[in-house]
Every structure is written in structure tokens, then in C-alpha cells.
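Written out below as C-alpha cells is the structure these notes cover.
The values are calculated or read from the model by the stated rules, or taken from the named source; none is laboratory data. What you see is a predicted model, and the numbers here were worked out from it, not measured in a lab. Don't worry about glycine lacking a Cβ; one is built from the backbone with ideal geometry, like all the others, and counts go over all protein chains shown. Keep in mind that these areas ignore ligands, DNA and RNA; they rest on the heavy atoms of the full protein, side chains included. Shrake-Rupley method; radii C 1.70, N 1.55, O 1.52, S 1.80 Å.
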Amino acid sequence: MKKQIVEELNGMPGTHPLSSLLREDRMPHIWCPGCDIGTVFSSCLTAIHESKIDYNNFAMVSGIGCTGRAAGYIKLDSFHTTHGRAIPFATGLKIAKPKMKIIVFSGDGDLFTIGGNHFIHAARRNIDLTVICVNNFTYGMTGGQVASTTPFNSKTSTTPQGNFEKPFNLPYMAAAAGAVYVSRWTTLDVRRLTSSIVEAFNKKGFSFIEVISSCPTSFGRKNKLGSPLDIIQHFHKISVIKNGIHPKDANLDIDKEIVVGKFVDMEAPTFFDLLEKIYPPETEKGA
Amino acid sequence: MEGTEHFIMGDVACAEAAIASGCRFFAGYPITPATEIAERMAKRLPQVGGVYIQMEDELASMAAVLGASWGGLKSMTATSGPGFSLMMENIGLGIVMEVPCVVVNVQRAGPSTGLPTLCAQGDMMQARWGSHGHYEIIALSASSPQELFDVTIKAFNLSEKYRLPVLIMTDEVVGHMTEKVIIPPSNRIEIYPRRITKLPPEEYLPYLPDEDMVAPMVGIGEGYHIHSTGLTHDKKGYPVISAPVQKDMIDRLVYKIRNNVDDIVEYREIETADAEIIIVAYGISVRPAQKALELAREKGIKCGMLRLTTIWPFAEKKIMELASQVKGFVVPEINYGQISLEVERCSAGHAKTILVSHAGGAIFNPNEILEAVEKL
């Protein structure tokens with residue numbers, strides 16, 4: 001599929017294969033050299049293309065932080081909201097535009113530390129959103145502080161002696177709260193990640209994808225993880241695919257083992273299914 | 001409900017006005033004394049094809065209101081002090097993204113949890129300045145269920161006309177008071193529709209304003225591919241981190257309101273023509289003030305009243321004008337001096353301003369206001 005996109009655009013030197021989805025007038029982006037957000041963003045754009053869904057049917061909402069800037073680079077209706085509040089904003093947008101695919105693209109600090117409450121409630125409602133979390137274990141934008149996802153013992157600028165709090169297991173939390181689609185990949189699983197995003201777009205209900213990513217500038221440097229390539233190769237090397245396992249067993253230990261795969265893929269009535277059951281749509285909405 | 005007379009609570013009147021205004025989305029969180037607005041909306045919205053959603057907190061409620069409004073639904077939320085504090089974050093986002101919506105604050109006494117079931121007017125300056133940064137806001141008040149109905153219609157219209165969250169600053173007594181409310185037939189309710197661009201996507205810029213400094217909006221999912229952000233942005237809606245772009249953006253957010261103050265500000269003058277003393281009142285305090293005015297007139301005091309419907313932007317011109325003709329202003333408010341400071345500022349030394357304060361938990365006794373009138 002990717003080859004096909006490139007072939008389609010042959011003879012257009014200097015054009016990015018996904019330029020029709022990119023705000024090229026906003027380049028260069030703010031992401032550091034070696035940062036993984038671009039890889040996840042690119043997978044997301046490829047997934048939009050591969051889904052064969054009309055581009056105009058997508059909108060992206062993000063919160064604050066490095067990953068939150070993605071909404072500013074996608075050439076679709078896109079909203080860069082407040083810190084932690086991308087999901088409730090997207091909830092309102094989805095209710096107003098129930099036929100659209102709403103992607104929430106944000107970071108771990110935004111979605112799970114300041115915004116954790118909104119995440120669990122959106123999953124509980126099983127509202128039809130696709131939430132993509134770039135988990136780089138830290139607050140990159142502000143220079144690498146501890147987050148609710150920072151591995152135990154890892155160093156950050158606010159845990160100079162190592163993090164003494166335990167991190168969340170995001171897939172386990174998502175599944176427990178009611179997400180009907182849950183997967184985790186590393187940034188070297190590009191094809192698996194892309195297909196997973198396409199699956200999530202087509203899933204009715206709340207879907208969640210965690211992407212284990214590196215932040216070489218902050219997290220990598222403070223923990224002496226080596227070059228950007230060293231980090232992603234290490235993550236990839238210690239990752240094991242365990243599709244279908246209970247997400248409580250989806251171990252995430254950046255020294256020993258990163259369990260990836262698709263953990264949840266089930267059917268459950270969505271927010272709209274249940275809403276329409278109680279209130280059959282008779283009247284047209286409209287401002 | 002339209003074209004009929006009702007005996008309903010202020011909170012219910014507010015919800016009915018929202019429905020009559022075309023509001024089709026409500027996101028909220030239960031809080032005394034605003035809960036009845038949410039309850040009424042939960043019952044009424046599905047009847048007209050709208051959606052009520054109870055969010056996990058007021059941060060989420062306000063964010064969902066912005067999302068739904070961008071999606072094309074007229075949207076509202078209602079709360080009281082503690083929830084109003086949480087909403088400040090996304091009220092700021094609404095100001096900067098320029099999202100039409102209505103936020104109702106049925107005020108109770110604070111700070112903090114305060115007196116959940118008893119009234120106050122302590123959030124008037126929070127309404128003005130509660131979210132960080134410098135901006136202009138529109139806030140309205142009401143002294144009866146009927147007036148709450150009327151200002152709610154006005155709030156929706158102003159929010160669409162000027163593209164911003166409009167605040168309705170009512171209070172527990174008005175919210176919980178049951179009185180006669182006339183709901184006009186729908187053809188007699190003026191509705192200001194959303195300003196939608198006529199330009200095609202390739203020519204449209206999301207923050208390029210019309211002559212009145214307000215930019216038209218677009219439908220989401222229609223190929224315009226807009227970007228909207230809470231960061232300082234240019235006409236394209238793209239973030240630009242610079243002092244000149246900040247100036248352009250803030251100028252427009254401020255002057256789209258300041259240049260239209262005459263269109264926005266609404267007040268009512270009662271016996272001001274010959275008045276030497278004017279009571280400036282808003283919200284529930286209008287009612288004991290009215291009684292105080294009558295008592296003062298009986299005693300031969302030339303007393304009048306300026307009833308503020310619009311609180312922000314403040315009725316500066318009117319106060320300035322009255323200041324040169326009267327001896328002084330008496331400002332009763334259920335706080336320790338908020339709007340009285342504005343009256344004092346605008347009278348610029350030409351007239352005396354006396355604050356009649358109340359800590360909250362009850363409304364004024366007309367005699368307390370009369371005493372201040374007599375002192376002047």
C-alpha cells in the first residue's frame with residue numbers, strides 16, 4: 001500500500017508521500033531530531049489513507065505537550081485544546097458530528113496524568129473515539145519531568161534520585177474502564193501500528209493504542225539510554241508480541257521486557273447505540 | 001412550551017430559554033443550586049433531538065461544550081462557584097478559539113464550598129477576570145425567572161454574534177424562585193444564527209475577521225480543514241509565538257467587544273430623571289433595591305435606580321453620565337465590593353459611591369439599602 005502511495009506521487013520531487021494530509025506550510029515541525037512522535041504521526045496519516053475513508057470524515061483533537069502539536073500538522077479539521085482535555089473536547093465534537101471519525105492524538109502526560117479521569121470516563125461510556133497515546137515516559141516539552149508513566153527508578157529532572165512511584169499499565173487501565181479495542185506497539189512496529197490504527201478507526205466504540213516511544217533529548221539522555229537509534233532498537237529487541245493476553249499481564253519493563261500486541265478487540269454497545277435505544281432519533285439536530 | 005404562560009423555577013426558565021434559543025447540547029456536572037438546569041435539559045433535549053451528557057467534572061463539561069459548539073450545535077453548561085472555578089480553564093480556550101456557547105453560574109456563597117444552598121453575588125469579578133490572560137467577556141444577570149429566560153435568549157444570540165462564551169451570572173434565589181414566566185411563541189423569539197462563511201475552502205481563513213472584527217465560522221467535516229488552537233495564532237489559526245501576533249490577536253479579542261459596547265450593554269433606568277441618589281443594582285439585589293427606592297420616595301428622597309442586565313462589559317458611559325447629575329450611587333451587592341468598585345471608577349470623583357455589602361447566605365432587607373440612601 002505504501003509503495004503504491006509513493007508510486008502515485010512519482011514525478012513530484014520534494015513531495016512527501018502523505019503531503020495531502022500534511023500542513024506543509026507549518027514545516028519544519030518542533031519535534032527534536034531522533035524523536036519518535038513523527039513516526040507515530042506518520043503511521044496515523046498512513047492509516048487514514050489506507051482506511052479508504054474520505055479524509056473529510058476525520059478530525060483530530062490533541063491536548064498539550066510535544067505530541068499535542070500533531071493536531072497542528074495534520075491537514076484536516078484539527079483542534080489543539082487544553083492540557084488533559086482533548087478527550088472531553090472530542091466527546092462534544094463526536095456528539096455533534098456522530099458520523100465523523102474523531103482521533104485523539106496526544107501524549108502520556110496529557111492523556112493519563114493530567115487527563116486520566118477523562119480517559120477512564122470516555123472508555124466507560126464506550127464513546128466512538130480513537131485514542132492514540134505516544135508514551136515516551138516523560139514530559140518532553142517542559143524538559144523531562146516525572147509522569148504517571150515514568151518507569152520505576154528512572155531518572156527525570158524532578159526525580160533526580162530515580163522515580164520512586166509506580167507507573168500505570170495503560171492497556172490494563174483502558175480495558176478495565178471499558179475500551180473495546182486496546183493495543184500496544186513500539187515505534188519500530190510501524191506496519192503493525194498502522195494496521196492497528198486502521199482497525200481502531202473501523203471499530204465501533206472506544207479504541208486505544210499505546211505507542212512505546214523514545215524521547216532521546218530528555219528521557220533518553222537522563223537515563224543514559226544512548227543514541228535515538230540505540231533506544232528504539234533496544235525497545236524493539238526486548239519487545240515480545242503477545243496478542244490476546246489479559247492486559248494485566250502486558251508487562252512494561254524498559255530494561256527487560258516490553259509486551260506488545262493487540263490485547264482487546266471485542267464488541268460492546270457504544271454510547272450512541274445505547275443513547276439511540278432510549279431516545280430513537282426522530283428530530284434532526286442542528287443549530 | 002412556546003406561546004404560553006408558566007409558573008416555573010428560575011433554573012427551569014433558563015433551560016427552557018436555552019431550548020427556545022436552539023440549544024441542542026448540554027454537558028454538565030451536578031451542583032447546587034444549578035442542578036435543576038441540568039435536570040431540565042436532560043429531560044427536554046432528547047425531545048428536540050439534542051443530547052444531554054453528564055460529564056465527569058466541570059473541566060470536562062466546559063471542554064465538551066466547546067467541542068460540540070465547534071461541531072455545529074448550540075451548546076450550554078450550568079454550574080455554581082466551585083464548578084465555575086474549574087470551568088475557567090476552558091472558558092479561556094473558548095475565548096481564544098472564539099467558540100460561541102453559554103455558561104450559567106447560579107451563584108452561591110463562597111469561597112470554596114461555602115454555603116451550597118444559599119445565595120451570593122461573589123463571583124462577579126471572577127466572571128470578569130477568572131481565566132488567565134487579558135480578554136474581554138460578556139456577562140449578563142437576571143433578577144427574576146422571567147428575566148433569566150430573557151437574558152438566556154440574549155446570551156445565545158450574543159455568543160453567536162461575537163463568537164465567545166457568554167456568562168449568565170444569576171444566583172441561588174433567582175434560580176430557585178418560582179414565578180410566572182411567559183414563553184413567547186417561537187416566531188417572536190429573535191435568534192441570531194451562526195455566522196458561516198460564504199467563501200470556498202481555498203479562500204477561507206479561520207481567523208480573518210469581517211468588518212466588525214468577528215470572523216465567520218465553517219462546518220466541521222466540510223473540507224475546510226481548519227486548525228484551532230489555544231496558542232496565540234495568526235489569521236490562518238496557526239500558532240505563532242511572537243509579540244506582534246499576540247498583539248494582533250489580543251487587540252481583536254478585546255476590541256470586538258469594546259467597539260460594540262453600545263450593542264451589548266443593556267440596563268434599565270427607574271425614576272432616574274430627577275434622581276439625586278441612584279441605586280445601582282443587579283440580579284436578586286434589584287428586588288430589595290426596588291422596595292428601598294419606593295420607601296425613599298415616600299420619604300421625599302429623590303431616589304432612582306439603574307438596573308444592570310449586562311454586567312460585563314460594564315455600563316461605563318451610563319455611570320459617567322449619571323455621575324455628573326447625582327449626588328451619589330448606592331450599590332447593594334452580596335459581596336464585599338466588586339461592582340461598586342466599577343461604579344466608583346466610572347464616577348471618577350464626580351459622585352460618591354456607597355457600597356452596601358453582604359457576606360452571602362441571604363438577600364438584603366430593603367431597610368439596609370434605604371439606610372445607605374438616607375446617609376448620602
>> Considering only the range B:84-106, I want to know if a residue exists there that is surrounded by fewer than 23 Cβ atoms within 10 Å (Cβ to Cβ), in contact with a strand residue (DSSP E or B) (Cβ under 8 Å, 6 or more places away or on another chain) and within 21 Å of B:V356 (Cβ to Cβ).
In response: no
>> Of the conditions (1) touching a residue at least 60 places away in the same chain (Cβ under 8 Å); (2) farther than 21 Å from B:E89 by Cα, A:M141 satisfies every one except a single condition; which number is it?
In response: (2)
> Restricting to the range A:235-253, what's the tally of residues that are surrounded by 19 or more Cβ atoms within 10 Å (Cβ to Cβ) and over 11 Å from A:R184 (Cα atoms)?
Replying inline: 1
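Suppose we filter the range A:43-61 for residues that are open to solvent by 40 Å² or more (accessible area, probe 1.4 Å) and either under 17 Å from A:N135 (Cβ atoms) or within 14 Å of chain B (Cβ to nearest Cβ) (or both); how many remain? Even if it seems obvious, please write down each step before you answer.
Our first condition is that a residue be open to solvent by 40 Å² or more (accessible area, probe 1.4 Å); within the range A:43-61, this holds for A:49-50, A:52, A:54-57.
Then drop every residue that is not either under 17 Å from A:N135 (Cβ atoms) or within 14 Å of chain B (Cβ to nearest Cβ) (or both), which leaves A:54-57.
Residues in the range A:43-61 being open to solvent by 40 Å² or more (accessible area, probe 1.4 Å) and either under 17 Å from A:N135 (Cβ atoms) or within 14 Å of chain B (Cβ to nearest Cβ) (or both): 4 in total.
Rundown of residues vs (1) within 11 Å of another protein chain (Cβ to nearest Cβ); (2) free of Cβ contacts under 8 Å to residues at least 24 places away in the same chain; (3) open to solvent by 10 Å² or more (accessible area, probe 1.4 Å); (4) of a type in the set (D, E), yes/no style:
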| residue | (1), (2), (3), (4) |
| --- | --- |
| A:K99 | yes, no, yes, no |
| A:D108 | no, no, no, yes |
| A:L111 | no, no, no, no |
| A:I114 | yes, no, yes, no |
| A:N117 | yes, yes, yes, no |
| A:R125 | yes, no, yes, no |
| A:F137 | no, no, no, no |
| A:P151 | no, no, yes, no |
>> Filter the range A:153-176 down to the residues that are open to solvent by less than 20 Å² (accessible area, probe 1.4 Å) and closer than 30 Å to A:N202 by Cβ and list them by number.
In response: A:L170, A:P171, A:A174
> From the residues in the range B:71-127 that are within 12 Å of the chain's Cα centre (by Cα) and among the β-branched types (V, I, T), which one is nearest to B:M217 (Cα to Cα)?
Replying inline: B:V102
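Could you please find all residues in the range B:315-324 being open to solvent by 10 Å² or more (accessible area, probe 1.4 Å) and touching a residue at least 12 places away in the same chain (Cβ under 8 Å)? Quick ask: steps written out before the conclusion?
Narrowing the range B:315-324 to residues open to solvent by 10 Å² or more (accessible area, probe 1.4 Å): B:316-318, B:320-321, B:324.
Hits for the range B:315-324 are B:E316, B:K317, B:K318, B:M320, B:S324.
Condition check ((1) in contact with a helix residue (DSSP H, G or I) (Cβ under 8 Å, 6 or more places away or on another chain); (2) open to solvent by 10 Å² or more (accessible area, probe 1.4 Å); (3) of a type in the set (F, W, Y)) across all residues:
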| position | (1), (2), (3) |
| --- | --- |
| B:I284 | yes, no, no |
| B:K291 | yes, yes, no |
| B:L295 | yes, yes, no |
| B:C303 | yes, no, no |
| B:L306 | yes, no, no |
| B:V331 | yes, no, no |
| B:V343 | yes, no, no |
| B:C346 | yes, no, no |
| B:G349 | no, yes, no |
> So is B:Y267 at pLDDT 95 or above, open to solvent by less than 10 Å² (accessible area, probe 1.4 Å), out of contact with any Cys (no Cβ under 9 Å at 6 or more places or on another chain) and not acidic (D, E) or not?
Replying inline: no
>> Restricting to the range B:115-144, give me the number of residues that are over 28 Å from B:F364 (Cβ atoms) and away from chain A (no Cβ under 14 Å).
In response: 3
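Among the residues of the range B:106-114, is any within 14 Å of another protein chain (Cβ to nearest Cβ), touching a helix residue (DSSP H, G or I) at 6+ places or on another chain (Cβ under 6 Å) and among the basic types (K, R)?
Here is the first cut: in the range B:106-114, the residues within 14 Å of another protein chain (Cβ to nearest Cβ) are none.
The answer is no, given that none of the residues of the range B:106-114 is within 14 Å of another protein chain (Cβ to nearest Cβ), touching a helix residue (DSSP H, G or I) at 6+ places or on another chain (Cβ under 6 Å) and among the basic types (K, R).
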>> Please determine whether any residue of the range B:191-205 is open to solvent by 40 Å² or more (accessible area, probe 1.4 Å), within 22 Å of A:D25 (Cα to Cα), of a type in the set (D, E) and touching a residue at least 12 places away in the same chain (Cβ under 8 Å).
In response: no
> How about the range B:83-119: which of its residues are in contact (Cβ under 8 Å) with a residue 40 or more places away in the chain and either farther than 22 Å from A:T91 by Cβ or not assigned by TED's automatic domain parsing to the domain that holds B:V173 (or both)?
Replying inline: B:N105, B:V106, B:Q107, B:R108, B:A109, B:G110, B:G114, B:L115, B:P116, B:T117, B:L118, B:C119
> Of (1) open to solvent by 10 Å² or more (accessible area, probe 1.4 Å); (2) facing chain B (nearest Cβ under 9 Å), A:F89 satisfies all except one. Which?
Replying inline: (1)
> Does A:C32 fit the bill of being assigned to a loop (DSSP other than H, G, I, E, B) and either in contact with a Ser or Thr (Cβ under 6 Å, 6 or more places away or on another chain) or open to solvent by less than 50 Å² (accessible area, probe 1.4 Å) (or both)?
Replying inline: yes
> Among the strands (runs of 3 or more DSSP E) contained in the range B:10-97, which hold 3 or more residues that are within 25 Å of B:K256 (Cβ to Cβ), in contact with a Cys (Cβ under 6 Å, 6 or more places away or on another chain) and within 14 Å of chain A (Cβ to nearest Cβ)?
Replying inline: B:74-79
>> Let me spell it out: the conditions are (1) open to solvent by less than 10 Å² (accessible area, probe 1.4 Å); (2) within 21 Å of A:Q145 (Cβ to Cβ), and A:F208 meets all of them except one. Which number is the exception?
In response: (2)
> What is the number of the single condition among (1) open to solvent by less than 70 Å² (accessible area, probe 1.4 Å); (2) at pLDDT below 95; (3) not hydroxyl-bearing (S, T, Y) that A:P281 does not meet?
Replying inline: (1)
>> Between a residue in the range B:214-231 that is at positive phi and at the interface with another protein chain (Cβ under 7 Å from one of its Cβ atoms) and any residue that is surrounded by 22 or more Cβ atoms within 10 Å (Cβ to Cβ) and not in a loop (DSSP other than H, G, I, E, B), which pairs come within a Cβ distance under 7 Å, given they are 6 or more apart or on different chains?
In response: B:G221/A:A59; B:G221/A:D77; B:H225/A:D77
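Out of curiosity, is A:G84 more than 8 Å from chain B (Cβ to nearest Cβ), more than 19 Å from B:E98 (Cα to Cα) and crowded, with 24+ Cβ neighbours inside 10 Å?
Working: more than 8 Å from chain B (Cβ to nearest Cβ): no; more than 19 Å from B:E98 (Cα to Cα): yes; crowded, with 24+ Cβ neighbours inside 10 Å: yes.
Here the answer is no, as A:G84 does not meet what is asked.
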> Taking strands (runs of 3 or more DSSP E) that do not extend beyond the range A:57-139, which have at least 2 residues that are aliphatic (A, V, I, L, M)?
Replying inline: A:58-62, A:101-107, A:129-135
